[in-house]
1. Residues of A:649-657, mean number of Cβ from any other protein chain within 10 Å of their own Cβ, rounded to a whole number?
2. What is the fewest-to-most order of B:33, A:527, A:522 by other Cβ atoms lying within 10 Å of their Cβ?
3. Between 0 and 90 degrees, rounded to the nearest ten: what's the tilt of helix B:142-155 against the longest Cα principal axis of chain B?
4. Enter the Cα centre distance for the pair segment A:577-596 and segment A:344-407, rounded to the nearest angstrom.
5. List the pair-distance distribution P(r) of segment B:4-80, using every Cα-Cα distance, as the percent of pairs falling in each 5 Å bin from 0 up to the bin containing the longest distance, rounded to whole percents.
6. With label points built 7 Å along Cα→Cβ from the Cα atoms of residue B:23 and residue A:198, find their separation and express it in nm.
7. Determine, for each peptide in A:648-659, A:436-447, A:13-24, the mean count of other beta carbons within 10 angstrom over its residues, then list the peptides with the highest first.
8. Just the number: Rg to Rh for chain B, Cα atoms, Kirkwood Rh, two decimals.
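Read the figures in this text as sums done on the coordinates, not as results from a lab. The structure displayed is predicted, hence computed values, not measured ones. Neighbour counts are summed over all protein chains in view; Cβ atoms, including those assigned to glycine, are modelled from backbone coordinates with ideal geometry.
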C-alpha cells in the first residue's frame, strides 16, 4: 500500500473548521427540533405499562375530555389508513401503534393530539388501557430456548435483505436470525491445540442519549401528499417505508432533515415517522411528535449481548482455532438487529489470522425495548470478549500483550475468516503507534498500597457494511457558484464540511465556496443512510464523481474558460443555466454462502481501531480512574485531520461511559433509570487527564483520495483496554460490562478471599 | 385551571412583554413568542445544560425556570451575545478551536463560559472542568471545549 497515485490538493487533508460554525455558536443553526408549523398539533404517546400482554380495552374518554385535545389515535384508527401497519428494515414486525398486544414496557399504544404539548401530556396519562398479561422473557439466552414465551406469531422478513428470506413464516421462535460462519475445522484444531481458553462475556444495554431528542413533524398536503420533517439519519429509507405503508408512490412523500443534535444510530430507519404521518393524515393538520429524553430509553437501545468464546492456541502463542456463540438481545422488535447479528457477527475472529473459525450468532427477541444500531453496530460487544480473552491468553502464556497481538495479526494479502482477502488494513502500523503512544517499552509504576495502577491495550476490527449505494449531484449555477446535493446527514460528525472539501478538491475552488444542500428527498438524490462509518467512503466517492462529472461538462462546454463563471457566461450568454454533475457509488460485493458464511468479497473496507488505557484502581472502593486513554485508528487518509481526531476522542469518552458506568437497569422489563438523573453519561470530570485520538494513514485504493470511514472506529477498543488495565493493576478478571465500582470491589474481595456479602 | 399573566423583562438588551401561563417555562416563551431556539430542552431535568440562559447575569436551566420568574429580570440568551453583527469573543474562540460537533449543547457551553470568565478571568483547567461540569456534551467534544474556553479567556 501507499503507492496509490493521488494528487495532494489544496482542500483534502486540511483541518478546516466547520462550514456551519457561525450558526452553531450563535444558536441559530437549524434543527427539526425548532420547527413549528401553523395549525400544528402536538402528539404525545401513551405507552404500555407492562412487558407483554394482550390489549383488552382502551378507554380514551377521559383523555378526550381534556381541554385542547383534538383526538386520541389508536391502532383501530391506524388500520383505517394502513391495513398492514407493520414496519421495519429487516422484519415487518413493528406496528405503528400496538395492535392486539404489547411486547415491551414503553411501547406506543395511543397518541393524543392536542393544540398544546401540556394538554397532550396530561391527556396521554389519562388514556386507560386494560391488559391481559402474558408471560415475558428478558434474557437473550433464555429467550432463544425452545420453551420460552414467544413474542411474534410468525416471522415476517422485510424483503430488503435476501438472506433473511428463508425465515419467512417461521413460527414458535424468538430467534430472528441465526447467522453462521464455518472456516476450517475447529473441533480438530481444538483437539490439536496446546491450550484452549473458554469464557463467557456479557455487555448490558446502553442508550444513545442524543441531545436533540427524536422529533418528527408530518405535514399533509391538500392535494394528496406528505412532507415529513424529521431528525433522521436515513431520509431515503423513511421515504420508501412510508410510501410502502401508505401504498403511495415514493414521489408523493417528501422527507427532509436539518442538522441533527446527535444521532449515534438512534435516528435510523423509521422511528416516529410512520406514527406522525398517520396522525397528520387522520387529523388533516401538521402533527409534531417530539420525545422527551426519558422516552428515548424506551425507543431504541444498544444490544446487550452474551458472548461465549473458545480459542485454541499453539505452543508458540499463535491462535489456531476460535469458536464464538453470540446471543444478541434484540428487544421486542428487530429494527436492524438481524443486520448487527450478521454484519458484525462474522468479525468475531478479530483482526487475527486464525485458520479454523466457527461463529454462531443469534438475533433474539425479548420483552425489552428494541435494540438497533449504536455507533459500532455490535462490534464493541465482540471486541469486549475477544480482547479481554486475548489478555488472559497472553498472561497465561507469559507473552507480552502487544507481542501476542503482533504474533497473531491479520495482514494484508491474507484471508479473513470469511475468505475475503484483506486489503488496506494496517494492523502493524496501528500497533506501532499504540506502543509509541503508550510508551509500552518503558517501565510502568504499578503503585503500592490501596491505589494500584495498570495499563492495557485492545484492538478491534469492523468490516464496513455492504452492499450499499450513495448518489450525489454537484450543481454549478449561472454565476459559477456551486452546491453539493447529497442525502448524507450531518449529525455532528462534520459530513457537510468533508463533502465540501472533496468537491472543492475536484473543482479546484475553496471549500468555503461550496454549499452543501441538506437532505430533502424532493431535491437530494438517494443515499442508503448515514450509518456505519460509510459516508466518507461511499458518499465521498459519489460526490467526487459528481464533481468530476460537473467539471468535465464545464470543460467540454467552454474549453479554455478560466473559471466556472466564465464558462457559464460563455455557454448561456448571461447569468443563467445550471450544470448538474451526477455521481453514484456502490462497491462490488459477494453475498456470503448461506451455509458457510464465506464470501470472497464481504466488505469494501476494513476499519481498525486500537486503544490503550492507564488506570488507577482504588482497591478499597473499587473505583477505576482512567488516567490516560489513547485511540488509534487506521483511516486510509484523513480528509479533515482535526475532525478525525475529534471523532476519535469523542468516541473514546462515549465508550468510557459505556465501560465504567452507563447501563440501563431493568426490573421486569421496566427501565429503572430512564433519565439523565439516574443514567449518567460522561461529563468534563470523567475526561482522562491524558486523552489522545490519533490515526495512521495508508491510502485505501478505492477510498475517495484514499479515505476510509472513522466515525465508529474509536468505539471498538477502549472497553477491553480499560478492563485489561484493571487486570494488569489488580489481577482481577471481569466478564461483564460496565465495570462499576461494586463489580470491581466484589471481584477484588473475592480474589483476596474476603468476598462481600451479596446485596 | 391555568392562569395567565403578563410579564415584562429585558431580553438581550431590549425591554419586552409576553403573556405566559403559570406552568410554562421561560424556554416555551422564548421559543413561541420570540423565535429564539438557542436555549433548547434536552434532558428536561436541568442536568445537561443545553437550555442554559443568563438571568440577571447568572446561568440558569431554562427547562426548569418558570416564565413567571422572569418578570422584571434581565435575560440573555446566546443570540444576544453578538454585538452589531460581530461575534462575542467567546463565540470566536469556540469557532477558532472547533469546540463543538453536533452543536446542540454549544449555546449552554458558551453562556456557562461567560459566567465562568466573569468570575475567574484567568481560569485554571480545574476551574474550567468544575465550572462546566454541569454542561454535558454527548459528542464528547470536551477537549476542544476546554481549548475553546482557554482561548476565550485570552480574547475576552
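1. Mean partner-chain Cβ count within 10 Å for A:649-657: 4.
2. A:522, B:33, A:527
3. Value to nearest ten degrees: 90.
4. Using only Cα atoms to place each centre, the spacing works out to 29 Å.
5. Calculated over all Cα pairs of segment B:4-80, the distribution is 3, 18, 31, 30, 14, 3 percent.
6. Output for this residue pair reads 6.0 nm.
7. Output ranking for A:648-659, A:436-447, A:13-24: A:648-659, A:13-24, A:436-447.
8. 0.98
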